[in-house]
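Please read the structure below before turning to the comments.
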Amino acid sequence: MKQDLVSVLTPFKNTADFLPACIKSIQSQTHTFWELLIVDDHSTDSSYDIVKSFAEKDPRIKLFKNNGTGIISALRLAFKESKGTFITRMDSDDIMNPDKLQSMLLDLKDHGKGHIALGLVQYFSDSGSLGDGFQRYETWLNKLTLKGDNFKEIYKECVIPSPCWMVFRADLVSCKAFEPNRYPEDYDLTFRFYEAQLNCIPSKKALHEWRDYPNRASRTDAHYSKNHFIPLKLRYFLKLDFDNSRPLALWGAGNKGKMVAKKLITEGIAFTWLCNNEKKIGKHIYDQELYSFRQLQNLKQPQCIITVANPDEQATIKHHLQSLGMQPMIDYYFFC
């Protein structure tokens, strides 16, 4: 049926080694009514010719060249050329499990507009080894997706992986699709899904194989450096969750804490800076005094941003906040 057309948006750049497996995984989908809008972002290897050879044999594959530069420009072009009622993304170096499109489509048709279809993800590497960070991220992300609780930890990391979601076209348009020129673009879109109050549909199915390798864009592209994440988180916190009638506390004086503090100072937002490092308490950074974390209990109905990354310390902090009757995503927000 025409209304079941799924548009798959895929930018690519110098992924010749992975494109055949990627495209074949799309061609092997149990749901066959799809179109692949695939955009070359100025590749210098044989990527374009590889995709062209597939497109010449399969009319569902529509190949374009980016008329701008970068992944956001490529996504805009792909979306502009798409015709599907349902929209999803795909990374050119990854692999779809065979029932990915069908599973997401059925979830969206069951739940209707205002929802995001998701799936579990599995990292893999051709070398056979994955870093602990990727394994922790996969476990954390899938735990959220199992319950559809993704937005409950949105300020920690990107809770909706860019190549493993599907939405109604109308919902993507209402979220301004790929209009903002902000990186990391997947995290920015996730925040806009959150802002629009779309609901995450729980999923128990592993639908996407996420390839890790040394030259992956998320590892090498400056747009995905950690320096971009904290400003994006703070931007949306101040817009969506900050209550300026309540005192604000910042817990953590490491690099991330300092980034948040500088931004708050620039924005003219008053805050109490907390830490549990005895050597720092009483010292000043950016003319702001650092107080013991115990100062939090002297604030009336505070909101607290936590930038402490150590998992054990996070557990201790969470326990302390809960002992004060504070609730996540209302009274406190982990930024890492």
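Side notes on the structure shown:
- Surrounding net charge for Leu36, when Lys and Arg each add one and Asp and Glu each subtract one, Cβ distance under 14 Å: +1
- Selection of trypsin sites (Lys or Arg not before Pro), the range 101-140, meeting DSSP coil and at most 16 other Cβ within 10 Å: Lys113
- FRET E, pair Lys262, Asp126, Förster distance 51 Å, beta-carbon r, rounded to 0.05: 0.80
- Scalar couplings 3J(HN,Hα) for the range 174-186, obtained by applying the Karplus form with A = 6.51, B = -1.76, C = 1.60 to θ = phi - 60°, are 5, 8, 6, 6, 10, 5, x, 9, 10, 10, x, 5, 5 Hz; x denotes Gly and Pro.
- Most to least accessible of Ile23, Ile285 (protein chains only, probe 1.4 Å): Ile285, Ile23
- Trp165 contributes an accessible area of around 10 Å² to the protein surface, as traced by a 1.4 Å probe with all chains present.
- Area accessible to solvent at Phe79, 1.4 Å probe radius, in Å²: 30 Å²
- Along each principal axis, Cα extent of the chain, largest first, Å: 69, 42, 36
- The sum of -39500 (n - 2.57) across all DSSP H runs of n ≥ 4, divided by the residue count of the chain, sets its helix-only mean residue ellipticity at 222 nm to -10000 deg cm²/dmol.
- In Å², nearest 10: area of Glu138 left accessible to a 1.4 Å probe: 40 Å²
- Fully extended contour minus Cα-Cα distance, from Asn255 to Phe134, at 0.36 nm per residue: 41.4 nm
- Nearest-ten-degree value, helix 311-323 long axis tilted from longest Cα axis of the chain: 60 degrees
- For the pair Lys318 and Lys205, a Förster radius of 30 Å applied to the C-beta separation gives a FRET efficiency near 0.50, rounded to the nearest 0.05.
- Cβ charges +1 (Lys, Arg) and -1 (Asp, Glu), total dipole of the chain, debye: 720 debye
- At 1.306 mPa s and 10 °C, Stokes D of the range 228-326 from Kirkwood alpha-carbon radius, µm² per second: 115 µm²/s
- Ranking Lys280, Lys65, Lys318 from most to least accessible surface, computed with a 1.4 Å probe over the protein chains only, gives Lys65, Lys318, Lys280.
- Taking a ≥ b ≥ c as the square roots of the Cα gyration tensor eigenvalues, the range 72-219 comes out rounded, since a/c falls below 1.5.
- Extended-chain gain in nm, criterion 0.36 nm per residue less alpha-carbon gap, Gln301 and Lys109: 65.0 nm
- Average accessible area per residue (Å²) across the chain - probe 1.4 Å, nucleic acids and ligands excluded: 47 Å²
- Helix 71-81 vs. the chain, principal-axis angle (Cα, 0 to 90°, nearest 10): 50 degrees
- Hydrodynamic radius (Kirkwood) for the range 4-119, which is based on Cα pairs only, to one decimal in Å: 14.3 Å
- Arg169, Arg192, Arg235, reordered so the largest accessible area comes first (probe 1.4 Å): Arg235, Arg169, Arg192
- Considering only Leu198, Thr44, Ala249, the residue lying farthest towards the positive end of the dipole of the chain is Ala249, judged by Cα position with unit charges set on Cβ.
- Within the accessible area of the range 9-147 (1.4 Å probe), percent carbon and sulfur: 50 percent
- Relative contact order for the chain: 16 percent, from Cα pairs under 8 Å spaced at least 6 residues apart, divided by residue count.
The values are calculated or read from the model by the stated rules, or taken from the named source; none is laboratory data. Since we're looking at a predicted model, the values are computed, not measured. Methodologically, a virtual Cβ is constructed for each residue, glycine included, from the backbone with ideal geometry; neighbour enumeration extends over all protein chains shown. Side chains are part of the model used for accessible areas, which takes the heavy atoms of the whole protein and leaves out ligands, DNA and RNA. Shrake-Rupley method; radii C 1.70, N 1.55, O 1.52, S 1.80 Å.
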